[in-house]
Amino acid sequence: MTRLHLRHTTDEQADARRLPAPGALDGAIFRLRPKGAIAARAADEHHRASTPLELFFDLCFVIAVGQAGHELAKAIQTGHVAHGIAAYLSAFFTVWWPWNNYSWFASAFDPDDVPFRLATLAQIAGSLVIAAGVPRLFEHRDYTVAVIGYVIVRLAFASQWIRVYRDNPDLRGLAVRWGGGVLAVQLLWVLLQLVHSSTEYKVGYAVLVAVELAVPYWAAKTGRLSYHPHHIAERYGLFTLIVLGETVLAATVAFQEAATGHENVGELVLLALGGLLIVFAAWWIYFAHKVGDLLATQSSPFPWGYGHYLVFGSAAAIGAGAQVSAAFTTGRVEISARLAAAGVTVPTAIFLFVVWILQGRHFKKGPAQAIMPGAAVAVLLCTFADSYAVFLAGLCCVVAVSLGEYGQRRGFSGLEPSPES
């Protein structure tokens, strides 16, 4: 970037300084590349880190995550548990899947030029439309607004595969299948909105979700996407942090509202402490190992990437459950104590078990393999403790972390990740 000099210069010197030297704008905010070319980045690139644009993308997408969690809490509080869970899973898919695709594409290419940034902006705009449509999805079973936002996001994503096709002859098969597959499925999503039968819509929705998930597998038959394992691990880790932060925020707001006019604040303090222990243990457990090394050894990253639907979804649901528990503690909702407890214990147990399946088990040996599955079972059993369930679940998570640290010192963990079988 050129600098401003606050000293006297001749006209010739000033004119020269107004013209940047060749390559001087390479690091500018709007990076220009010849003819908008896009090229794959090296999978072994050193010091590869998430960009500010990727972080901004995450923060905008998590708005829809928070909206889905809030609506899930409302559904549980009103006794519509089955519908709330189904709507939450649907809403969360419309957020997670575009985020997942964007992250892998950015790891493989990420030109960080004007077209890529504008496509990112369009995807962010689509995510905000999704967030706006989440309440209607829950309350009226109306998917229209959420699907419109989803289609906006996916079309913007597909546009970048056109660039890959144009500039990378060796990746044209991959680009045609992935980008073309996305475009075709979006047409089907639009047509699905013409279906008025509830049963037929649900079947069509499930089929299209399965097709969306199959597109990357189908595309990979023509050539593997060259991603950076440590960059991907960081991207998923950062989104996990943001979702856990959203969980803490949602729980804090719920506790503040519940504490107003509530006489026995001690119950809320115990609940808040248990929730804090759970979230902190979730952070500790997720970041206990170098997942980038694990991804570098796996023959296929799809199971790990797809499995994070449950990781992110359960992490966000913990915050929704905390809202339900706070409302129950203050007597603001008429549901059973066990249901209020399950709102926290069930997603916590899912988080522990799925993180162990995806990554924790690869770094353990011997008795240490039983720690996280055992902790998940113990947390589920805490559901029967009713009003003390969340606090006891937090203690179970602390014990799991402590045993894990002890096992590492005793040589039962800290192994190098083993290749996928």
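The values are calculated or read from the model by the stated rules, or taken from the named source; none is laboratory data. Worth saying up front: this structure is predicted, and the values here are computed from it rather than measured. Don't worry about glycine lacking a Cβ; one is built from the backbone with ideal geometry, like all the others, and counts go over all protein chains shown. Side chains included, ligands, DNA and RNA excluded: accessible areas come from the protein's heavy atoms. Shrake-Rupley method; radii C 1.70, N 1.55, O 1.52, S 1.80 Å.
How big is the charge dipole of segment 38-185 about its Cα centre, in debye rounded to the nearest 20, if each Lys and Arg gets +1 on its Cβ and each Asp and Glu gets -1 on its Cβ?
About 360 debye.
Please find the FRET efficiency linking residue 290 to residue 377, where r is the Cβ-Cβ separation and R0 is fixed at 22 Å, and quote it to the nearest 0.05.
Here the calculated transfer efficiency is 0.20.
Suppose the Debye formula is applied to equal point scatterers at every Cα of segment 118-162; what is log10 I(q)/I(0) at q = 0.14 Å⁻¹?
For segment 118-162, the Cα-only Debye profile gives -0.32.
What whole-number distance in Å separates the alpha-carbon centres of segment 50-76 and segment 359-387?
Taking the Cα centre of each part, segment 50-76 and segment 359-387 sit 27 Å apart.
Using the charge dipole of segment 174-250 (Lys, Arg: +1 at Cβ; Asp, Glu: -1 at Cβ; taken about the Cα centre), state which of 209, 192, 228 has its Cα farthest towards the positive end.
Final value for the positive-end residue is 228.
In the chain, which longest range has no chymotrypsin sites (Phe, Trp or Tyr not before Pro) that are both DSSP loop (not H, G, I, E or B) and surrounded by at most 16 other Cβ atoms within 10 Å?
31-286
Suppose every K and R has +1 on its Cβ and every D and E has -1 on its Cβ; what is the size of the dipole of the chain about the Cα centre, in Debye to the nearest 20?
The calculated dipole for the chain is roughly 800 debye.
Of the heavy-atom accessible surface of the chain (probe 1.4 angstrom), what whole percent is carbon and sulfur?
Reported share for carbon and sulfur atoms: 66 percent.
Rolling a 1.4 angstrom probe over the protein chains, ignoring ligands and nucleic acids, what is the accessible area of residue 141 in square angstrom, nearest 10?
Roll a 1.4 Å probe over it and residue 141 shows about 150 Å².
Against the longest principal axis of the chain, how steep is helix 302-329, in degrees 0 to 90 to the nearest 10, with axes from Cα atoms?
The angle comes out near 50 degrees.
Sketch the reach of a paramagnetic label on residue 37 as a point 7 Å from Cα along Cα-to-Cβ, and name the residues of segment 151-181 whose backbone nitrogen lies under 17 Å away.
What the label zone holds, given the 17 Å backbone N cut-off, is 163-172.
Work out the charge dipole of the chain with +1 on the Cβ of Lys and Arg and -1 on the Cβ of Asp and Glu about the Cα centre, then indicate which of 78, 401, 303 is farthest towards its positive end.
Most positive-ward Cα: 303.
Just need log10 I(q)/I(0) for segment 285-406 at q = 0.10, 0.13, 0.15, 0.21 Å⁻¹, Debye formula, equal scatterers on the alpha-carbon atoms, no solvent, rounded to two decimals.
-0.34, -0.55, -0.70, -1.13
Within a Cβ distance under 15 Å of residue 176, other residues only, what is the Lys/Arg minus Asp/Glu net charge?
My count for the surroundings of residue 176 gives +3.
Among (1) 1.45; (2) 0.99; (3) 1.03, find the value of Rg/Rh (Cα atoms, Kirkwood Rh) that was calculated from the structure presented, and write down its label.
Evaluating Rg/Rh (Cα atoms, Kirkwood Rh) on these atoms matches (3).
How many nm is it between the label spots at residue 256 and residue 144, if each spot is 7 Å from the Cα in line with the beta carbon?
3.5
If R₀ is 22 angstrom, what is the calculated FRET efficiency for the pair residue 276 and residue 402, using the beta carbon separation as r and rounding to 0.05?
Efficiency computed from Cβ-Cβ geometry: 0.85.
Using only helices, what value at 222 nm comes out for the chain when you add -39,500 (n - 2.57) per DSSP H run of length 4 or more and divide by the total residues, to the nearest 500 deg cm²/dmol?
Taking each H run of at least 4 residues, the total per residue is -24500 deg cm²/dmol.
What dipole magnitude, in Debye to the nearest 20, does segment 269-421 give about its Cα centre under +1 on Lys/Arg Cβ and -1 on Asp/Glu Cβ?
I would put it at about 200 debye.
FRET efficiency for residue 384 and residue 306, Cβ-Cβ distance as r, R0 = 25 Å, nearest 0.05?
Between residue 384 and residue 306 the formula returns 0.20.
Hey, what's the chain come to in accessible area per residue, 1.4 Å probe, Å²?
For the chain, the per-residue accessible area is 48 Å².
For segment 236-290, run through the GluC sites (Glu not before Pro) and keep only the ones in DSSP coil with at most 13 other Cβ atoms within 10 Å of their Cβ.
Within segment 236-290, the qualifying GluC sites (Glu not before Pro) (loop, at most 13 other Cβ atoms within 10 Å) are 263.
Please report the relative contact order for the chain, taking Cα pairs under 8 Å with a sequence separation of at least 6, and give it as a percent rounded to a whole number.
16
For residue 125 and residue 221 in the same chain, what is the full-extension length gain: residue separation times 0.36 nm, less their Cα-Cα distance, in nm?
31.4 nm
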